[in-house]
Amino acid sequence: MSTLRLPLLAALVLSGCRPASMAAAHHGERLFHDARLSSSSFNSYSCDTCHTTSPEPEAGRLPVGGTLHGVAFRDGFFGGAETDLLEAVNVCFTRFMRSPDPLSRDGVQSRALYEYLVRLSPSREPAPARPFTVVRQVADMPRGDRARGEEVWRATCQVCHGDAQTGQGRIGEDAVVVSETVQTYPTTFPGVAPALVVVEKVRHGRFFGIGGTMPPYSREALSDEDLGALLTFLGL
Amino acid sequence: MTLRGATLTPILLALLTLTTACPRELDAPPDLVFSEEPAWPVRTHLPPLEDGVVFVTNSMEDTVSVFALPELSGPAPREALRLPLGLSPVELEGPHHAAVDPQGRFFYVPLSENVPGAGSGPHGAHGTGTADGAVVKVDARTGLRLGSARLDRSPGDILVSPDGRTLYVSHYDLRRIQDVLHAGGPVEDMVSRLAVLDTETMERRAMVPLCPAAHGMALSPDGTRLYVSCLSDEVAEVDLTQGSFPVRKVGLGPGAGTVTTQHEPYALAVSPTTGEVWVSCQKGRDVHVLTPDPLTVDGSRRLTVGLGLPLFGELTRDGSALFLPIQAPDRVLEVDPATATVRRTINLPHAACTNAHQLRLLPTGTDALVVCEGDRVTPGTLVVLDVAAGTVRRSVPVGLFPDYVGILREGTP
């Protein structure tokens with residue numbers, strides 16, 4: 001092979017790996033599914049860890065952050081407690097995905113992500129914020145059906161915590177093995193029913209002075225009935 | 001080079017090129033085609049600043065009620081928007097009082113983290129003032145948060161310097177007093193600090209020890225002195241001309257410097273003409289007058305309110321009257337500053353105002369706004385008061401437990 005052909009081959013290879021142009025929304029979709037959007041080496045979450053994108057509920061998923069279908073033109077987020085979409089995204093980006101810096105309004109990645117969110121929002125008519133009821137006062141609740149509790153585990157907890165007993169398949173080392181952690185509660189919270197600690201963690205996530213990176217489950221994302229069933233599944 | 005090597009070399013080179021030159025999936029391709037301009041558009045807009053904007057902090061629901069100032073002169077004023085405020089969209093953080101940039105570009109709101117009933121669980125009760133407070137800087141046109149700073153527990157009152165460059169925040173840390181009393185510690189350990197912040201960077205320049213449970217603040221007319229009410233029957237005077245912020249304290253009675261108090265100063269107002277300091281006291285239900293240079297209690301003038309708590313009032317621009325809201329029974333006193341006697345009482349009907357907290361005179365001089373806390377379960381109100389006639393023009397519902405009303409106006413200190 002002549003040395004003259006080498007540059008030609010390299011050019012062919014290069015042209016094969018990057019298209020001449022790409023819709024920013026397409027790149028934004030990649031970012032949506034990629035945990036590396038956050039520069040934190042400790043982060044395991046991507047946007048789709050907590051959100052779905054379709055208008056209808058997805059079978060087998062109860063996403064903590066709900067669907068992002070139509071999100072670009074909503075009037076508010078977190079039940080209306082935030083009115084700016086980028087600020088709302090940055091709550092997730094810095095508090096759950098551990099990014100040291102928020103996304104900027106004019107960054108390339110940030111703009112691409114926005115274009116994808118617009119693509120998820122076919123109607124440009126303003127829409128109200130989706131309800132997001134924070135359960136502030138934590139209380140115990142009636143237990144539910146174990147089989148339903150197992151479904152709830154698979155639809156909510158499993159994406160991060162993996163298997164409830166072994167943690168197999170969990171999203172990262174930081175996601176606790178739930179059965180092991182619950183066993184520590186009598187020591188950490190003497191005199192408090194472990195179920196109540198689980199309820200608090202589910203309802204408050206990383207907020208209310210708890211810490212970590214878990215998002216909180218609003219009453220809309222997880223009903224008290226399903227949470228009661230989950231407690232039964234966990235043997236609590 | 002052999003024939004075999006000559007054949008393999010370009011392939012290896014190509015593979016090497018592929019692995020090094022091809023972007024990782026996360027890297028943005030060089031020719032992205034954007035179709036949305038602008039990205040992340042800001043969709044919230046406050047009413048035009050040119051005409052004036054009135055805002056009320058709702059301390060038990062983490063919002064600000066926003067009104068166009070001209071709207072409040074109309075027959076049926078309506079809230080322009082209810083702006084969420086804070087650092088967390090999940091927790092109640094208790095926006096408490098506010099300060100306005102002299103040019104009307106920003107406003108600053110302390111977050112007290114002291115909201116009864118804000119949340120509970122095995123990790124503890126929340127909103128009890130045990131967490132550090134914060135202050136947020138907000139864009140007056142869009143409501144966007146531009147910055148924030150961490151503070152001590154239970155930030156109390158807040159002021160901006162006349163040049164807009166410095167922010168002062170007091171801390172009404174009652175829990176500190178309780179903790180020290182419980183531990184049998186000295187009063188020195190009860191002292192709360194004054195936060196001095198740079199408004200551009202929102203970095204703390206200084207934390208100045210003041211006194212136990214400092215709260216209401218006011219600046220001298222020339223902006224060189226900061227006066228702060230102290231629960232310890234004292235008024236602290238901070239010299240703002242010196243970088244070390246020296247503090248001098250003036251006692252109001254025999255309990256001064258202790259927490260065995262008789263008066264418990266809570267709110268302040270300063271005369272724009274004489275520089276005299278009017279101190280509203282919660283326990284004594286009285287109002288003391290201090291003359292400046294040097295700050296001295298004027299024992300000849302003191303207003304005893306009788307029933308009710310005197311709170312945050314304001315003197316007219318010409319210094320000829322102090323309008324002072326009194327809580328329960330709710331009313332406004334027009335006080336003659338020369339004698340510290342009541343010229344007139346304007347009663348606030350219960351249906352219009354429950355628990356008057358602060359009065360602010362409107363630039364016209366004929367009307368005033370009174371923010372009324374309500375019962376802290378149902379919405380409070382913003383009252384438009386006809387000062388000359390002594391009547392309530394309007395009472396408009398706002399959010400839960402409102403505790404401050406401010407006016408934003410572009411370029412108008």
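The values are calculated or read from the model by the stated rules, or taken from the named source; none is laboratory data. Source: prediction; values computed, not measured. With ideal geometry, Cβ positions are generated from the backbone for all residues, glycine too; neighbour counts draw on all protein chains shown.
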Original post:
For A:Val91, all conditions in the list (1) closer than 29 Å to B:Val64 by Cα; (2) touching a residue at least 40 places away in the same chain (Cβ under 8 Å); (3) in contact with a strand residue (DSSP E or B) (Cβ under 8 Å, 6 or more places away or on another chain) hold save one; what is the number of the exception?
Top reply: (2)
**OP:** Find the residue count for region B:375-413, including only residues that are assigned to a loop (DSSP other than H, G, I, E, B), surrounded by 18 or more Cβ atoms within 10 Å (Cβ to Cβ) and aliphatic (A, V, I, L, M).
**Re:** 3
Original post:
Is it fair to say A:Asp163 is in the same structural domain as A:Ser218 (by TED's automatic domain parsing) and either hydroxyl-bearing (Ser, Thr, Tyr) or in contact (Cβ under 8 Å) with a residue 60 or more places away in the chain (or both)?
Top reply: no
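Table: residues versus (1) surrounded by fewer than 21 Cβ atoms within 10 Å (Cβ to Cβ); (2) in contact with a His (Cβ under 8 Å, 6 or more places away or on another chain).
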{"residue": "B:Arg78", "(1), (2)": "yes, no"}
{"residue": "B:Leu81", "(1), (2)": "yes, no"}
{"residue": "B:Glu93", "(1), (2)": "no, no"}
{"residue": "B:Arg105", "(1), (2)": "yes, no"}
{"residue": "B:Val109", "(1), (2)": "no, yes"}
{"residue": "B:Pro122", "(1), (2)": "yes, no"}
{"residue": "B:Ala125", "(1), (2)": "yes, no"}
{"residue": "B:Asp132", "(1), (2)": "yes, no"}
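Yes or no, residue by residue, for (1) closer than 29 Å to B:Leu81 by Cα; (2) more than 15 Å from the chain's Cα centre (by Cα); (3) at pLDDT below 95:
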| site | (1), (2), (3) |
| --- | --- |
| B:Gly121 | no, yes, yes |
| B:Thr128 | yes, yes, yes |
| B:Ala131 | no, yes, yes |
| B:Val135 | yes, no, no |
| B:Val138 | yes, no, no |
| B:Ser148 | yes, no, no |
| B:Asp152 | no, no, no |
| B:Ser161 | yes, no, no |
Subject >> Selection from region A:168-204 of residues that are part of a loop (DSSP other than H, G, I, E, B) and either within 21 Å of A:Met97 (Cβ to Cβ) or among the aromatic types (Phe, Trp, Tyr) (or both) >> reply: A:Gly169, A:Arg170, A:Ile171, A:Gly172, A:Glu173, A:Asp174, A:Ala175, A:Val176, A:Phe189
Original post:
Just a yes or no: is a residue in region B:140-147 on the phi > 0 side of the Ramachandran plot, within 14 Å of another protein chain (Cβ to nearest Cβ) and touching a helix residue (DSSP H, G or I) at 6+ places or on another chain (Cβ under 9 Å)?
Top reply: no
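Here is a yes/no grid of residues against (1) touching a Ser or Thr at 6+ places or on another chain (Cβ under 7 Å); (2) within 11 Å of another protein chain (Cβ to nearest Cβ); (3) touching a residue at least 12 places away in the same chain (Cβ under 8 Å):
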site: B:Leu92; (1), (2), (3): no, yes, yes
site: B:Pro102; (1), (2), (3): no, no, yes
site: B:Pro110; (1), (2), (3): no, no, yes
site: B:Gly121; (1), (2), (3): no, yes, no
Subject >> Number of the condition not met by B:Met202 [criteria: (1) surrounded by 14 or more Cβ atoms within 10 Å (Cβ to Cβ); (2) assigned to a strand (DSSP E or B)] >> reply: (2)
**OP:** Answer yes or no as to whether B:Val277 is farther than 24 Å from B:Leu333 by Cα and either charged (D, E, K, R) or buried (at least 16 other Cβ atoms within 10 Å of the Cβ) (or both).
**Re:** no
Subject >> The listed residue being part of a loop (DSSP other than H, G, I, E, B), without any contact (Cβ under 8 Å) to a residue 24 or more places away in the chain and of a type in the set (Gly, Ala, Ser), out of B:Gly164, B:Gly117, B:Gly129 >> reply: B:Gly117
Original post:
Hey, does region B:57-71 have a residue that's within 11 Å of another protein chain (Cβ to nearest Cβ), part of a loop (DSSP other than H, G, I, E, B) and buried (at least 24 other Cβ atoms within 10 Å of the Cβ)?
Top reply: yes
Original post:
Any idea which residue in region B:175-190 is farthest from the chain's Cα centre (by Cα), counting only those that are surrounded by fewer than 20 Cβ atoms within 10 Å (Cβ to Cβ) and of a type in the set (A, V, I, L, M, F, W, C)?
Top reply: B:Ala183
Subject >> Which numbered condition B:Cys281 misses (of (1) touching a residue at least 24 places away in the same chain (Cβ under 8 Å); (2) more than 18 Å from B:Cys211 (Cβ to Cβ)) >> reply: (2)
**OP:** Scan region A:195-202 and give yes if some residue there is of a type outside the set (Gly, Ala, Ser) and closer than 22 Å to A:Phe93 by Cα, otherwise no.
**Re:** yes
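Each row is one residue, and each column tells you yes or no for (1) over 15 Å from A:Leu37 (Cα atoms); (2) in contact with a helix residue (DSSP H, G or I) (Cβ under 9 Å, 6 or more places away or on another chain); (3) buried (at least 20 other Cβ atoms within 10 Å of the Cβ); (4) within 13 Å of chain B (Cβ to nearest Cβ).
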{"position": "A:Asp101", "(1), (2), (3), (4)": "no, yes, no, no"}
{"position": "A:Val108", "(1), (2), (3), (4)": "no, yes, no, yes"}
{"position": "A:Arg124", "(1), (2), (3), (4)": "yes, yes, no, yes"}
{"position": "A:Thr133", "(1), (2), (3), (4)": "yes, yes, no, yes"}
{"position": "A:Val138", "(1), (2), (3), (4)": "yes, yes, yes, yes"}
{"position": "A:Arg143", "(1), (2), (3), (4)": "yes, yes, no, no"}
{"position": "A:Arg148", "(1), (2), (3), (4)": "yes, yes, no, no"}
{"position": "A:Ala164", "(1), (2), (3), (4)": "yes, yes, yes, no"}
Original post:
Take the residues of region A:181-236 that are farther than 22 Å from A:Pro131 by Cα and away from every other protein chain (no Cβ under 14 Å): which is surrounded by the fewest Cβ atoms within 10 Å (Cβ to Cβ)?
Top reply: A:Gln183
Original post:
Within region A:9-41, how many residues turn out to be at pLDDT 55 or above and over 14 Å from B:Asp31 (Cα atoms)?
Top reply: 13
Subject >> Single residue of B:Asp367, B:Asp330, B:Asp403, B:Asp336 found to be acidic (Asp, Glu) and free of Cβ contacts under 8 Å to residues at least 24 places away in the same chain >> reply: B:Asp336
Subject >> Count - residues of region B:30-49 that are closer than 19 Å to B:Leu144 by Cα, at the interface with chain A (Cβ under 9 Å from one of its Cβ atoms) and free of Cβ contacts under 8 Å to residues at least 40 places away in the same chain >> reply: 5
